[in-house]
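Report on the following structure.
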Amino acid sequence: MPRSVKILHTEPVTHDVRRYRVEKPDGFSLEPGQATDVALDKEGWREETRPFTFTALPDADTLEFTIKSYHDHKGVTHQLWSTQPGDALLIDDSWGTITYKGPGVFIAGGAGITPFLAIFRDLEKKGKLNGNQLIFANKTSEDIIYRKELEAMDGLKIDHVLSDEDTAGSHHGMIDADMIKEFVPDLDRRFYLCGPPPMMEAVQEVLEELGVKPDSVEFSD
């Protein structure tokens, strides 16, 4: 049964991504990497649900979402961008999407970082980030979500890949077999994938070509 929760705070993260902190219903539970179905609690929008990942830790007093808005669609994310504290959202129970099963290589595309962000924050809090690696693909450096926070996480190795920009500190191009071999010399690892479907399909094909076992690859739902 969807529950109505008030937005407590919003703030920009990038030019098209905002952080939303909202009320946490009594007894609400979640695990790092999980998501829920969200709708705007206002006339004409209550049936327009979209899945969004929680980015706060399970023991936080409030819930948090980090959401990219697509203004050309004029849909839910476009409407969310202009919400204010006091506005309400409808949220359902938590579900999916990707579960941490031990150290590995996380490959994210754009807003696909959100389930990984919750997992990394949880591991950092527990002092268990060592051995994990992030390959983070974006169009430009301005699109990188929570770059400073991620790069400050002790024990997390990060490689940035930018498709539309060639700049110092990042790799230019698309994630391909050569790039993965360069970043991950030992392919006998667990891989976690989350991002736009076409990108994830391409990365999955590359991993298969490189001989990575299918049961070593975890996908978001």
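Just a few scattered comments:
- Residue, farthest from GLY109 (Cα to Cα), within segment 185-194, restricted to residues that are buried (at least 21 other Cβ atoms within 10 Å of the Cβ) and not hydroxyl-bearing (Ser, Thr, Tyr): PHE191
- Out of VAL206, VAL161, VAL212, sole residue that is part of a loop (DSSP other than H, G, I, E, B) and free of Cβ contacts under 8 Å to residues at least 40 places away in the same chain: VAL212
- Which listed residue, of ILE98, ILE113, is of a type outside the set (Phe, Trp, Tyr), in contact (Cβ under 8 Å) with a residue 12 or more places away in the chain, in contact with a Pro (Cβ under 8 Å, 6 or more places away or on another chain) and not in a strand (DSSP E or B): ILE98
- Within segment 57-67, if we keep just the residues that are open to solvent by 20 Å² or more (accessible area, probe 1.4 Å) and touching a residue at least 60 places away in the same chain (Cβ under 8 Å), the residue that is nearest to the chain's Cα centre (by Cα) turns out to be LEU57.
- ALA111 vs. criteria in contact with a Leu (Cβ under 7 Å, 6 or more places away or on another chain) and buried (at least 18 other Cβ atoms within 10 Å of the Cβ): no
- In the set ARG46, ARG50, ARG18, only one residue is closer than 27 Å to GLN204 by Cα and either among the basic types (Lys, Arg) or modelled with pLDDT under 95 (or both); that residue is ARG50.
The values are calculated or read from the model by the stated rules, or taken from the named source; none is laboratory data. In this text the structure is predicted, and so the values were computed from the model without any measurement. Here the Cβ is made from the backbone with ideal geometry for all residues, glycine too, and neighbour counts use every protein chain on show. Surface accessibility is based on the protein's heavy atoms, side chains included, excluding ligands, DNA and RNA. Shrake-Rupley method; radii C 1.70, N 1.55, O 1.52, S 1.80 Å.
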